[in-house]
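The values are calculated or read from the model by the stated rules, or taken from the named source; none is laboratory data. Just so it is clear, the structure is predicted and the values come from calculations on it, not from any experiment. Here the Cβ positions follow ideal geometry from the backbone for every residue, glycine too, while neighbour counts run over all protein chains shown. The area values use the complete protein model at the heavy-atom level, side chains included, leaving out ligands, DNA and RNA. Shrake-Rupley method; radii C 1.70, N 1.55, O 1.52, S 1.80 Å.
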Amino acid sequence: MSSLNTQSLTIEFQEPIILKSGAQIAPYSLEVQTYGVLNIQKSNAVLICHALNASHHVAGHDPDSGKLGWWDNMIGPGKPLDTNHFFVIGVNNLGSCFGSTGPMSINPNTQQPYGSSFPLVTVEDWVNTQARLADHFGIQKFAAVMGGSLGGMQALAWGIQYPDRVDHCIVIASAANLSAQNIAFNEIARNAIMSDPDFHEGNYYAQGVTPRSGLRVARMIGHITYLSNDDMAEKFGRELKRNPDAPKEYNFNFDTEFEVESYLRYQGDKFADYFDANTYLLITRALDYFDPAKNDSGNLSKALAVVKSKFLVISFTTDWRFAPERSREIVKALLDNKSSVTYAEIDAPHGHDAFLLDDERYHSLIRAYFSNMKLDN
Amino acid sequence: MKLPAIRADFSAISDWVSSHSSLLDLGCGDGDFLEYIRQQKNVKTYGVEISDLSVLACVKKGLDVIQQDLESGLALFEDQSFDMVVLSQTLQTIHETETILREIVRVGKESIISFPNFGHWSHRIDILTGRMPVSKSLPFDWYNTPNVRVLTIADFEALANNIGLHIIDRVVLHDGKKVTFAANLFGSLAIYRVKSAEL
């Protein structure tokens, strides 16, 4: 078999999910895309957790938009995570804006979109909904749960919350909590959205508008932090945005002068077209709140004492948003518990975005790791 | 069981490793020793390695490996957190010799350190004839060697004494056989079992 064997599903849950905040949601649904075939023992399932702006569409071309899945270079037949051997599940998290129940959904109690009344969700809440998803497929134990960035936080949380239900946690370009600097970046992004006149306290759907300019700024600031300084210097330098034959002189105005501005504006516009502002607020807050060591006075080793899964932790040398030392904190806590852990620090120039890009060392490592996986019966 | 191309020090090191213990192999390379010791004894192992290709080789063998430069110390590892720390034929490749030795005995309840003995008579003759030695235990030319520190058995023991390493045991080999007489002259590979003198 060499086809991706994609299945798109909407899975409805009637039983309320009680969130960490104490709020609950019912009913709710999760958008799911699966690739490959679940074996009879149901031992070859791999859950892919997405980061801020991604979705359940992980691999292959979307039949409607034709767009390629966000981790298509990683997942598919013959790819590092080989769908000829593994059954891969992509899920859109609760509160996101790609079809799963979120702020844009209709609240059954009011018959209006949830908007700003959608409860805050946490990484732990997502993991709980993902465990219910596993139940839906009859999967007792995932061969692996894998994610980058915020997705890596979910993979880590799986190891803590469901130690008997995941054999391998693959945590890439992630951290056990956000630094003050990281929270600060999120706050700027949220501030941009909430101060947009079209935000309307989060209930902009009824007004027929979206806080586009806020979303654009949020994306721009985010985007800068996903790239390394060297990467930006190489991609854009101080190049002016000009036609090839136009003189390379300043125009002395605030139009798009530099290539890097053009790039950021393009990224901001593209993002504002497809992403929901309330979801941006929710997901950045979930990032801020994640801190599994919080109940152990910041002692991550204590928090990870329950772990039974084997871990693969990967960081990228030029990633300053989720720097290698943040991954090493996770590695150290696992070592303190003598948990199985492999750690690789990939020397890649692309900053945080490196986890989404093709890199032979990175992909060879993931390929070798999955090839070696012994599937429980 | 056939164990081809086992490095001479593997079995000597293995004799000092207890079953049901934890072992950290610093500079584990492609994981050959870790694979060997896991076949010999029931041990919980980790390797530490800097090279991308070697890390990949370890992952292919299903070994736990931590990618890290030994020059920067062992901050990931708590005091006395391993029953055994192994530094097998790696000491001579490290610049921060004193740092790594102190770190090893901090992390390991016991440690094993092996290195090629520059004092072997054949190396001495090479030097006398005016050339840098190239031998089985020092298989590189001066211009392509990964070794940055060349030392003899006598040199190591002097340094060990200076920095508070207690030598528990020593085995010296040549061509895989134990050397018991004039070890610094007839031994090409030295293997030490040490611990911190303070503990």
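Just one of the listed residues (A:Glu325, A:Glu261) is open to solvent by 20 Å² or more (accessible area, probe 1.4 Å) and within 11 Å of chain B (Cβ to nearest Cβ), and it is A:Glu325. Checking each residue in region A:38-67 for being of a type in the set (A, V, I, L, M), in contact with a strand residue (DSSP E or B) (Cβ under 6 Å, 6 or more places away or on another chain) and open to solvent by 20 Å² or more (accessible area, probe 1.4 Å) picks out only A:Leu38.
When you look at B:Leu24, is it open to solvent by less than 70 Å² (accessible area, probe 1.4 Å), within 12 Å of chain A (Cβ to nearest Cβ) and under 14 Å from the mean Cα position of the chain (by Cα), yes or no? The answer is yes for B:Leu24. Could you tell me whether any residue of region A:342-351 is closer than 30 Å to A:Ser297 by Cα and under 18 Å from the mean Cα position of the chain (by Cα)? The answer is no, given that none of the residues of region A:342-351 is closer than 30 Å to A:Ser297 by Cα and under 18 Å from the mean Cα position of the chain (by Cα).
Being buried (at least 24 other Cβ atoms within 10 Å of the Cβ) and not β-branched (Val, Ile, Thr) is the filter here; which residues of region A:73-85 pass it? A:Met74, A:Gly76, A:Leu81, listed by residue number. Only one entry of B:Val59, B:Val85 meets the criterion of being closer than 26 Å to B:Ser11 by Cβ, at the interface with chain A (Cβ under 9 Å from one of its Cβ atoms) and touching a Phe, Trp or Tyr at 6+ places or on another chain (Cβ under 9 Å), and that entry is B:Val59. Taking strands (runs of 3 or more DSSP E) as the structural unit, those lying wholly within region B:15-77 and holding at least 1 residues that are out of contact with any Pro (no Cβ under 8 Å at 6 or more places or on another chain), within 26 Å of A:Glu329 (Cβ to Cβ) and among the hydroxyl-bearing types (Ser, Thr, Tyr) correspond to B:21-26, B:43-49. Selection within region A:352-365: residues that are more than 9 Å from chain B (Cβ to nearest Cβ) and within 27 Å of A:Ser301 (Cα to Cα). The member of this set that is surrounded by the most Cβ atoms within 10 Å (Cβ to Cβ) is A:Phe355.
Residues of region B:148-157 that are out of contact with any strand residue (DSSP E or B) (no Cβ under 8 Å at 6 or more places or on another chain) and farther than 10 Å from B:Gly119 by Cβ: B:Val148, B:Arg149. Taking residues in region B:139-167 that are of a type in the set (Val, Ile, Thr), and partners anywhere that are loosely packed, with under 15 Cβ neighbours inside 10 Å and part of a helix (DSSP H, G or I), the pairs with Cβ atoms closer than 6 Å and at least 6 places apart or on different chains are B:Ile163/B:Glu98. Evaluation of A:Gly147 against the conditions (1) surrounded by fewer than 23 Cβ atoms within 10 Å (Cβ to Cβ); (2) small (Gly, Ala, Ser); (3) modelled with pLDDT of 95 or more shows that the sole unmet condition is (1). The requirement of being open to solvent by 50 Å² or more (accessible area, probe 1.4 Å), at pLDDT below 95 and closer than 17 Å to B:Ser88 by Cα is not satisfied by B:Ser72.
Listed conditions (1) open to solvent by 30 Å² or more (accessible area, probe 1.4 Å); (2) closer than 27 Å to B:Tyr36 by Cβ are all met by B:Ser88, apart from (1). Show the residue pairs meeting these rules: Cβ distance below 9 Å; 6+ apart or different chains; first residue within region A:337-351 and closer than 16 Å to B:Phe77 by Cβ and more than 7 Å from chain B (Cβ to nearest Cβ); second residue buried (at least 23 other Cβ atoms within 10 Å of the Cβ) and hydroxyl-bearing (Ser, Thr, Tyr). Note: pairs meeting the criteria are A:Ser339/A:Ser309. Of A:Asp319, A:Asp291, all but one fail to be part of a loop (DSSP other than H, G, I, E, B), at pLDDT 95 or above and closer than 19 Å to A:Ala157 by Cβ; the exception is A:Asp291. Within this structure, B:Val55 fails the test of being surrounded by 19 or more Cβ atoms within 10 Å (Cβ to Cβ), free of Cβ contacts under 8 Å to residues at least 24 places away in the same chain, under 14 Å from A:Glu345 (Cβ atoms) and touching a Ser or Thr at 6+ places or on another chain (Cβ under 7 Å).
Against the list (1) surrounded by fewer than 17 Cβ atoms within 10 Å (Cβ to Cβ); (2) within 13 Å of another protein chain (Cβ to nearest Cβ); (3) touching a residue at least 40 places away in the same chain (Cβ under 8 Å), the condition A:Leu312 fails is (1). Output the number of residues of region A:346-377 satisfying the condition of being within 23 Å of A:Ala143 (Cα to Cα) and either at pLDDT 95 or above or of a type in the set (A, V, I, L, M, F, W, C) (or both). The qualifying residues number 15. Just one residue in the set A:Ser179, A:Ser174, A:Ser213 is small (Gly, Ala, Ser), open to solvent by less than 30 Å² (accessible area, probe 1.4 Å) and on the phi < 0 side of the Ramachandran plot; that residue is A:Ser174.
The set of residues in region A:119-144 that are open to solvent by less than 10 Å² (accessible area, probe 1.4 Å) and under 30 Å from A:Asn203 (Cβ atoms) comprises A:Val121, A:Val123, A:Asp125, A:Trp126, A:Val127, A:Thr129, A:Gln130, A:Leu133. Residues in region A:342-363 that are in contact with an Asp or Glu (Cβ under 9 Å, 6 or more places away or on another chain) and assigned to a helix (DSSP H, G or I) were compared, and the one that is nearest to A:Ser309 (Cα to Cα) is A:Phe355. Does at least one position in region A:20-35 carry a residue that is within 23 Å of A:His85 (Cα to Cα), of a type in the set (Lys, Arg) and either open to solvent by 20 Å² or more (accessible area, probe 1.4 Å) or not in a loop (DSSP other than H, G, I, E, B) (or both)? No: region A:20-35 contains no residue that is within 23 Å of A:His85 (Cα to Cα), of a type in the set (Lys, Arg) and either open to solvent by 20 Å² or more (accessible area, probe 1.4 Å) or not in a loop (DSSP other than H, G, I, E, B) (or both). A residue that is within 14 Å of chain A (Cβ to nearest Cβ), in a strand (DSSP E or B), at pLDDT 95 or above and closer than 25 Å to B:Pro146 by Cα cannot be found anywhere in region B:88-108.
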